[in-house]
Amino acid sequence: MLGATYSLVAIGYTLIFGILNLLHFGHGEVFMIGAFIGLQMVLLTNCHIVIAILGSMVGAALLGLIIERVSFRPIKKEYHLAPLISTIGVSIILQEIGTRIFGGDIVGFPKTIRLVIYKIGPVQVTSVHLFILAFALMLMITIHLFIHRTKVGIAMRVTAENATNASLMGINTNRIVSMTFMISSALAGAAGVLVGLVYNAVSPFMGTEMILKGFTIMLLGGLGNVMGAMIGGIILGLMEVFSVAYLASSYKDAFAFGIMIMILIFRPTGLFGTRLHEE
Amino acid sequence: MFSSYIESILIFNGIHIIMALSLYLPFSAGQISLAQAGFMAIGAYASSVMTLFWGFPFYIALFLSGLLSAMTGVLVGFPAIRIKGIYLLLLTLAFGEMVRVFFLNFEFTGGASGMGGMDLQTNFVNVYTIVAILIIFFYRLSKSRMGRAFESMREDELAAEVMGINIVKAKLLAFGVGAFIAGLGGGLYAHYVMYIDSPKFGFLLAVEFFVFVVFGGMEIFWGPIIGTTLLTLIPEVVRFLKEWRMIFYGLVIVVLMIVRPQGLIDKKLVDDITRYAKKLF
Amino acid sequence: MDFLSIENLSKSFDGVTALRQVGLEVKSGKIHALIGPNGAGKTTLFNILSGILKPTQGRIRFKGQQIDALRPDRITSLGIGRTFQNIRLFKSLTVLENVMVGRHCRTRTGLARTFFSLPFKKLEEEINIRDMANELLRFVSLFDKKESKAASLPYGSQRRLEIARALAAEPLLLLLDEPTAGMDTRETEDLAALITKIRDQGVTILLIEHDMHLVMGISDVVTVLNFGRKIAEGHPREIQSSPEVIEAYLGAQE
């Protein structure tokens, strides 16, 4: 279940990396802010959870647009590390804002979905889990169709291949970049609310942990490979569940990093080979 | 000499400079690393074990833990030889996190409860003596055969290799010596705060050192020194902003990257200053 | 003993064959030109000679030693230097520093010597490197630009700087990959004179070049490649009148 939400975050990373060749360190904080927007909507307006998720997606998309305008577009691209560092600056700002506005505490998520437990053989599944899984899958299918079927999606892929060619072909690359940030952020926002539902907790520091998971998944699936990110997220989710069962829980992180190192050394293109973007 | 508050800020600043320089060395050879917090942890834990459990004198422990960190650095350097750019960044990040998780579970050094009780050995004088030695080292390096080899590898690795530079050896050297310096930083840190636990050496710390270096500029070693000092002092100087000071800190980083993407200090600036200074005297 | 001998050399990339069983002898002290239409495999041959690529098949011997499995830096220290078709200078280093880097494999000073030497006394080796680099810059007429950044030089000067950088390693064989690309007539003439001067100092030259006037003017031997195969070899005059060569060139230009 969790894996599907990881996938959402990782797809965002992957899109931004594939199209802009940028490791976006502020993405985890977008995820966190998204979770808070969803939480506040439920707390303040008592709306339905689906509306809260949609709201947080819109909010996160706007945030993504602001991040792009403020900390990415104005920076000269011949310095590769400068945009990376400025997104770190952004993540510091967002985390502070998160702490200031929402307080430094972990907040429980109100129960909005009636809890039903289904038993399928030995596996127990709750209605919350099913809802999360369904919603995440739906978003992934949507994004997949969007990238492969729509004009904007195709323009995004062309830009990922070669930005100069894309602009020669009359694609407004600036607009594509903004779109990429917005879509990725919206996915992160949705993931934030869904993760909040799973753990029944939202905190200003939840983004930091997600950054690392996002990177691992991105590597697992192959840098810049959207489909890989989807599957990679689910694999990582499953791995975490099983490693909790079979390993001391404090070692489970080391396990994930060990896998990350192995992939880098032996299969730097990820498990699923082809990438959107060649270096 | 100073009030104890200012002294502690200056000592942390000195340790941060040492860490930033430890990162700058592999950087100058074209290798980006997020492993420095891991090397720092190795230095911190190893030196504490030596002084606390085995009764080694501080400076010997400091040197040996630097060596241990350097050996680990060479080990990490091997797989890193053929890996570049973002991939190297992620590899070193994963290594740093593995070090952290290792110390979290290693009961000999206290596991999750950390390790405390070291003597206060680090002071203003020894930290800045080491900083001064490093400045001399990097100054000489910048005008030497190996320094030029490193820079040429950063510019164009293939051309450097074709010009006769053994890039495998040079990379391992840069990584190893960088890790040695980071190990020293860790030892100094442990014997100043007198209590260490593994979450302190997480990936955010590595990112912080990384920001110091890029903020200050990667072309010349004065960049990391000035960058570190500014970013360490800014949150202290703007204490009057109270809870908004970290936001200010973040803004400074973003704005500088927009205005000067090459970092605050570059070679041209240093040349200009030197020329101006020569005119004055 | 042969100076440079290439036997039965083949190279393919993912099934596409760039070189097919090429054999080549380069004699010491000559200017040997390598010509052929684009895609004939000339640069691939250079990349194999300098150790960047490994051949799929075949053998290369340089002064009796087999070199086709060696790393690029080893090959350079054995005495093969090169320039690149798409100029690969160290852009943010100064002109002088670029040449000084070229001296790397003929010098020793490591990190420890750098650090532990006496203060205010420059290392003798460092002085020697600088002197030699200065001399080479005079040789290629770039001495007055030595403090500029390499990237700021005009195109033609960058090509000459690449030659100086390669010469700093005291090569016995110098590989020049299209040294006149992008140069005007006068610059090309100057460069032809420079290449002859380098040869007269005892450095053997293997040259890839499209400017036929230059090739026919200075070469001692010309080898023609087409589609990865050697189709002709001989004295410039013989090559100019070879029907196969004329056909290869006319065929390629259509």
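When 1/r is averaged over all different Cα pairs and the result inverted, which Kirkwood radius in Å belongs to the stretch C:90-168?
Values: mean 1/r = 0.0767 Å⁻¹.
Averaging 1/r across every pair of different Cα atoms and inverting gives 13.0 Å.
Just report the Cα centroid separation between the stretch B:164-181 and the stretch A:131-202, whole Å.
Their Cα centres are 40 Å away from one another.
Quick one: which of A:52-65, B:127-140, B:180-193 comes out on top by average Cβ neighbours within 10 Å, and what's the full order, highest first?
On the way: A:52-65: 22.4, B:127-140: 16.5, B:180-193: 27.6.
Packing proxy ranking, top to bottom: B:180-193, A:52-65, B:127-140.
Determine the calculated [θ] at 222 nm for the protein assembly as shown from helices alone, applying -39500 (n - 2.57) to every DSSP H run no shorter than 4 residues and normalising by the residue count; nearest 500 deg cm²/dmol.
Values: 33 runs with 500 residues, N = 814.
After summing the helix terms and dividing by the residues of the protein assembly as shown, the value is -20000 deg cm²/dmol.
How would B:LEU256, B:LEU120, B:LEU90 line up by accessible area, probe 1.4 Å, largest first? Show your work: numbers first, answer last.
Working: B:LEU256 25, B:LEU120 105, B:LEU90 0 Å².
The ordering from most to least exposed comes out as B:LEU120, B:LEU256, B:LEU90.
Let me check against my output: what whole-number percent is the relative contact order of chain C, with C-alpha pairs under 8 Å and at least 6 apart? Show your work: numbers first, answer last.
Details: 457 pairs, mean separation 71.2, N = 254.
Normalised by residue count, the contact order of chain C is 28 percent.
For the stretch B:258-270, just list the computed ³J(HN,Hα) in residue order, Karplus coefficients 6.51, -1.76 and 1.60, θ = phi - 60°, integers in Hz, with x standing in for Gly and Pro.
Going residue by residue, I get 6, 7, 9, x, 7, x, 4, 9, 10, 4, 4, 4, 4 Hz, with x marking Gly and Pro.
What is the extension gain from A:PHE266 to A:VAL198, computed as 0.36 nm multiplied by their sequence separation minus the C-alpha to C-alpha distance, in nm to one decimal?
Numbers: separation 68, 0.36 × 68 = 24.48 nm, distance 3.40 nm.
Result for the pair: 21.1 nm of gain on full extension.
Give me the one-decimal nm value for the distance between modelled label points at B:LEU75 and C:HIS235, 7 Å along each residue's Cα-to-Cβ direction.
6.7
I'd like to know how the stretch A:2-266 sits against the 2.2 N^0.38 Å rule of thumb: what's its Cα Rg over that expected value? Kindly include the intermediate steps, with their values, before the conclusion.
Numbers: Rg = 18.2 Å, N = 265, 2.2 N^0.38 = 18.3 Å.
Cα Rg divided by the expected 2.2 N^0.38 Å: 0.99.
For q values of 0.13 Å⁻¹, compute log₁₀ I(q)/I(0) with the Debye formula on a Cα-only model of the stretch A:21-115, without solvent.
Debye intensities relative to I(0), on a log10 scale: -0.51.
Separation between the C:LYS197 and A:THR142 pseudo-spin-labels, each 7 Å from Cα along Cα→Cβ, expressed in nm?
7.1
Place a +1 charge on the Cβ of each Lys and Arg in the stretch B:4-203 and a -1 charge on the Cβ of each Asp and Glu, then give the dipole magnitude about the Cα centre in debye, rounded to the nearest 20.
Value, rounded to 20: 480 debye.
What whole-number distance in Å separates the alpha-carbon centres of the stretch B:210-246 and the stretch C:11-87?
Measuring centre to centre over Cα atoms gives 50 Å.
Quick one: what are the phi-derived ³J(HN,Hα) couplings along the stretch A:52-67, Karplus 6.51/-1.76/1.60 with θ = phi - 60°, whole Hz, x for glycine and proline?
With coefficients 6.51, -1.76 and 1.60, one gets 4, 5, 4, x, 5, 5, 5, x, 5, 4, 4, 4, x, 4, 4, 4 Hz.
When every alpha-carbon pair in the stretch C:1-128 is counted, what percent end up more than 21 Å apart?
On the way: 4336 of 8128 pairs.
Above the 21 Å cut-off, the stretch C:1-128 has 53 percent of its Cα pairs.
Using only atoms on other chains, find how many Cβ atoms lie within 10 Å of each Cβ of peptide B:169-176 and report the average. Working shown, then result.
Working: counts 2, 3, 0, 0, 2, 1, 0, 1.
Across B:169-176, the average partner-chain Cβ count within 10 Å equals 1.
Would you please classify the overall shape of the stretch B:42-119 from the alpha carbon gyration tensor, given that a ≥ b ≥ c denote the square roots of the eigenvalues, rounded means a/c under 1.5, and beyond that prolate means a/b larger than b/c while oblate covers the rest? Walk me through the intermediate numbers first.
Working: a/c = 3.56, a/b = 1.72, b/c = 2.07.
Verdict is oblate for the stretch B:42-119.
For the pair A:LEU44 and B:GLU236, what calculated FRET efficiency results from E = 1/(1 + (r/R0)^6), where r is the Cβ-Cβ distance and R0 = 45 Å, to the nearest 0.05? List each step's numbers first, then the result.
Values: r = 38 Å, r/R0 = 0.84.
The value I calculate is 0.75.
Pairs A:LYS76/C:LYS146; B:LYS267/C:LYS42; B:LYS169/C:LYS54; B:LYS279/C:LYS145: which exceed 27 Å Cα-Cα? Walk me through the numbers on the way to the answer.
Numbers: A:LYS76/C:LYS146 29 Å; B:LYS267/C:LYS42 39 Å; B:LYS169/C:LYS54 21 Å; B:LYS279/C:LYS145 23 Å.
Beyond 27 Å between Cα atoms: A:LYS76/C:LYS146; B:LYS267/C:LYS42.
State the answer as a single residue: which of C:GLY39, A:LEU8, B:GLY250 lies farthest towards the positive end of the charge dipole of the protein assembly as shown, with beta carbon charges of +1 for Lys and Arg and -1 for Asp and Glu, about the Cα centre.
Result: B:GLY250, furthest along the dipole toward the positive end.
Which residues' amide hydrogens lie under 5 Å from the amide hydrogen of C:LEU34, considering only partners 5 or more residues apart or on another chain, with H built in the peptide plane?
C:LEU207, C:ILE208, C:GLU209, C:THR223
Can you give the charge dipole size of the stretch C:201-254 about its Cα centre, rounded to the nearest 20 debye, using +1 on the beta carbon of Lys and Arg and -1 on the beta carbon of Asp and Glu? The partial results should precede the final answer.
Working: 3 positive and 8 negative charges, 25 e Å.
Roughly 120 debye, rounded to the nearest 20.
Across chain B, how large is the tail of the calculated P(r) beyond 31 Å, expressed as a percent of all Cα pairs?
Values: 10453 of 39340 pairs.
Counting every Cα pair in chain B, those more than 31 Å apart make up 27 percent.
Taking +1 at the Cβ of each Lys and Arg and -1 at the Cβ of each Asp and Glu, which of B:SER113, C:ILE52, C:LEU191 sits farthest along the dipole of the protein assembly as shown towards its positive end, judged by Cα position relative to the Cα centre?
Highest projection toward the positive end goes to B:SER113.
Note down the magnitude of the dipole of the protein assembly as shown about its Cα centre, charges +1 on Lys and Arg C-beta and -1 on Asp and Glu C-beta and zero elsewhere, to the nearest 20 debye.
Dipole magnitude for the protein assembly as shown comes out near 280 debye.
Just want to confirm a number: the relative contact order over chain A, from Cα pairs under 8 angstrom separated by 6+ residues, in percent. Working shown, then result.
Details: 445 pairs, mean separation 103.7, N = 279.
After rounding, I find 37 percent.
Please work out the C-alpha center-to-center distance from the stretch B:12-46 to the stretch C:185-235 and express it in whole Å.
When both Cα centres are located, 50 Å separates them.
Under the Karplus relation 6.51 cos²θ - 1.76 cosθ + 1.60, θ = phi - 60°, what is the ordered set of whole-Hz ³J(HN,Hα) values for the stretch B:38-48, x standing for Gly and Pro?
Taking θ as phi minus 60°, the curve returns x, 5, 4, 4, 4, x, 5, 5, 4, 5, 5 Hz for the stretch B:38-48.
What number results when the radius of gyration of the stretch B:113-172, computed over Cα atoms, is divided by 2.2 N^0.38 Å?
Numbers: Rg = 18.2 Å, N = 60, 2.2 N^0.38 = 10.4 Å.
That works out to 1.75 for the stretch B:113-172.
What total accessible surface area, summed over both chains, is buried at the interface between chains C and B, computed with a 1.4 Å probe and given in Å² to the nearest 100?
Numbers: alone 13320 and 13980 Å², together 24350 Å².
That pair hides around 3000 Å² of surface in total.
Just give the residues from the stretch A:56-88 buried by at least 50 square angstrom of accessible area in the all-chains context relative to the isolated chain, probe 1.4 Å, and say none if nothing qualifies.
Those are A:TYR79, A:LEU81, A:ILE85, which lose 50 Å² or more relative to the chain on its own.
Evaluate peptide B:140-151: per residue, the Cβ atoms of other protein chains within 10 Å of its Cβ; return the mean as an integer.
Working: counts 8, 3, 1, 5, 11, 15, 8, 3, 10, 4, 1, 5.
Shielding by partners across B:140-151 averages 6.
What's the carbon and sulfur percent of the protein assembly as shown's accessible surface, probe 1.4 angstrom, rounded to a whole number? Mind showing how you got there, number by number?
Values: 21510 of 34450 Å².
Result for the protein assembly as shown: 62 percent of the exposed heavy-atom area is carbon or sulfur.
Quick one: order A:ARG175, C:ARG165, C:ARG106, B:ARG82 from most to least accessible surface, probe 1.4 Å. Don't skip to the answer; put the middle values down first.
Working: A:ARG175 135, C:ARG165 0, C:ARG106 75, B:ARG82 160 Å².
In descending accessible area the options line up as B:ARG82, A:ARG175, C:ARG106, C:ARG165.
When you look at the Cβ of every residue in B:261-273, what mean number of other chain Cβ atoms sits within 10 Å?
Averaged over the peptide's residues, the number is 2.
Once the Cβ-Cβ distance between A:LYS77 and A:MET169 is put in as r, and R0 is 25 Å, what FRET efficiency do you end up with, to the nearest 0.05? Write down the numbers at each step before the final one.
On the way: r = 19 Å, r/R0 = 0.77.
Plugging the Cβ-Cβ distance into 1/(1 + (r/R0)^6) gives 0.85.
Mind giving me the nanometre distance, one decimal, between the label points for B:ALA112 and C:ASN86, set 7 Å out from Cα along Cα→Cβ?
Label-label distance for B:ALA112 and C:ASN86, simple model: 5.3 nm.
Tell me which residues come under 5 Å, amide H to amide H, from C:ALA18 once H is placed; ignore anything under 5 positions away on its chain.
C:LYS11, C:SER12, C:PHE13
Determine how large the accessible area of B:THR72 is when every protein chain is in place; take a 1.4 Å probe and give Å² rounded to the nearest 10.
Only protein atoms counted, so the area is about 30 Å².
Expressed as a whole percent, how much of the Cα-Cα distance distribution for the protein assembly as shown exceeds 45 Å? Please report the intermediate quantities before stating the final value.
On the way: 115136 of 330891 pairs.
Of all Cα-Cα pairs in the protein assembly as shown, 35 percent lie more than 45 Å apart.
Rank-order A:39-46, B:141-148 by packing density, defined as the average count of other C-beta atoms within 10 Å over each peptide's residues, highest first. Display every interim value, and only then the final one.
Details: A:39-46: 16.0, B:141-148: 20.5.
Result, highest mean first: B:141-148, A:39-46.
With the Cα gyration tensor of chain C in hand, give its eigenvalues times 5 under a square root as the equivalent ellipsoid semi-axes, listed largest first in whole angstrom.
Values: eigenvalues 224, 93, 49 Å².
Each semi-axis is the square root of five times an eigenvalue, giving 33, 22, 16 Å.
Tell me, what is the per residue accessible area of the protein assembly as shown in Å², probe radius 1.4 Å? Each step should come with its number before you reach the end.
Details: 34450 Å² over 814 residues.
I get 42 Å² per residue for this part.
As a test question: what accessible area, to the nearest 10 Å², does B:LEU91 have when a 1.4 Å probe is rolled over all protein chains in place?
We get 0 Å² for B:LEU91.
Roll a 1.4 Å probe over the protein heavy atoms and report the accessible area of B:LEU241 in Å², nearest 10.
60
The values are calculated or read from the model by the stated rules, or taken from the named source; none is laboratory data. Please read all numbers here as calculations on a predicted model, not as lab measurements. Neighbour counts run over all protein chains shown; Cβ positions are idealised from the backbone, glycine included. What goes into the accessible areas is simple: the full protein's heavy atoms, side chains included, and nothing from ligands, DNA or RNA. Shrake-Rupley method; radii C 1.70, N 1.55, O 1.52, S 1.80 Å.
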